[in-house]
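Engineer: The structure's right below; bear with me while I get my questions together.
The values are calculated or read from the model by the stated rules, or taken from the named source; none is laboratory data. As the structure is a prediction and not an experimental result, all values here were calculated from the model. Glycine gets a Cβ as well: all are built from the backbone with ideal geometry, and neighbour counts include every protein chain shown.
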Amino acid sequence: MIDLQPFWLTLKLALTTTAMLLVLGVPLAAALTASKSRWKPVTEAIISLPLVLPPTVLGFYFLILFGPSHGLGRFIEHYFDMRLVFSFPGLVIASTIYSLPFMVQPVQAGMASLPANLAEASGSLGKTKLQTFLHVTLPNIKPSLLTGIVLSFAHTIGEFGVVLMIGGNIPGETKVVSIAIYEEVESMNYAAANIYAGVLFAVTFLILLVVYFVNRHYFVKRYS
């Protein structure tokens, strides 16, 4: 009998992380697009680190940072009475950082491709910067925004190394599907592992397929 709880936890983690990335990643992408600072490449390199670093490396440093005897973890546990290591909130924070480039890079590319006179025209009509951002910039980068949302969601679903390091394998708390697959393989229960893996494979494939179809439809409609 397959335990369905890892599917629910994976969905919950992916949705929460994607929502966090929308709130944090889109403004960050806008700030990077507008930035003229000489430190911009350094910021972009830091944001892009999860693309090249092994997940276990990031997971190790998250474990140190979030631990109750170090840095952020000690501060949060002392003042908010909440432990980040081996907990769902810790998974959300780690996943948000780990998936940040998957939101920031597509959105930043979309914003950079917009004509500069678009924002200028909006400003000349009396629109504030916030109104221009919400009603001009975002509607004109829908494919990039959709790509960022879907890639962030799909990437979070497939996380393993970071989740294992910071969350461990606690049923009902941190045992997501990728961890369940690992556990079943360790137990030589390949049939159960195959079901978990097959569902994960099908879901991520369908998500990416929808993105490609939507983006293709958008560009055909826009440029035809």
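Engineer: Could we say that GLU173 is at pLDDT 90 or above and either over 16 Å from ALA29 (Cα atoms) or surrounded by fewer than 17 Cβ atoms within 10 Å (Cβ to Cβ) (or both) here?
Structural biologist: So GLU173 passes the test.
Engineer: Could you grab me the full set of residues in segment 35-56 that are of a type outside the set (Ser, Thr, Tyr), surrounded by 13 or more Cβ atoms within 10 Å (Cβ to Cβ), over 21 Å from MET165 (Cβ atoms) and free of Cβ contacts under 8 Å to residues at least 12 places away in the same chain?
Structural biologist: LYS40
Engineer: Taking segment 69-89, which residues are hydroxyl-bearing (Ser, Thr, Tyr) and surrounded by 15 or more Cβ atoms within 10 Å (Cβ to Cβ)?
Structural biologist: Once the filter is applied, which keeps residues that are hydroxyl-bearing (Ser, Thr, Tyr) and surrounded by 15 or more Cβ atoms within 10 Å (Cβ to Cβ), segment 69-89 yields only SER87.
Engineer: Considering each residue of segment 78-130, count those that are among the charged types (D, E, K, R) and in a loop (DSSP other than H, G, I, E, B), and give that number.
Structural biologist: Of the residues in that region, 3 qualify.
Engineer: Which of the residues that make up segment 140-151 are closer than 16 Å to MET103 by Cα and either more than 18 Å from the chain's Cα centre (by Cα) or among the β-branched types (Val, Ile, Thr) (or both)?
Structural biologist: Passing the criteria: ILE141, THR147, ILE149, VAL150.
Engineer: List every residue pair whose Cβ atoms lie under 6 Å apart, where the two residues are 6 or more positions apart in sequence or sit on different chains, the first residue falls within segment 184-202 and is touching a residue at least 40 places away in the same chain (Cβ under 8 Å) and closer than 11 Å to ILE2 by Cα, and the second residue, located anywhere, is buried (at least 17 other Cβ atoms within 10 Å of the Cβ) and not charged (D, E, K, R).
Structural biologist: Filtered contacts from segment 184-202: TYR196/VAL177; TYR196/ALA180; TYR196/ILE181.
Engineer: Moving to a separate point now. All but one of (1) more than 28 Å from LYS142 (Cβ to Cβ); (2) modelled with pLDDT of 90 or more hold for ILE76; state the number of the condition that does not hold.
Structural biologist: Evaluating ILE76 over (1) more than 28 Å from LYS142 (Cβ to Cβ); (2) modelled with pLDDT of 90 or more leaves (2) as the failure.
Engineer: Report the residue count in segment 1-19 for those that are among the small types (Gly, Ala, Ser) and either over 19 Å from SER99 (Cβ atoms) or exposed (fewer than 13 other Cβ atoms within 10 Å of the Cβ) (or both).
Structural biologist: Of the residues in that region, 0 qualify.
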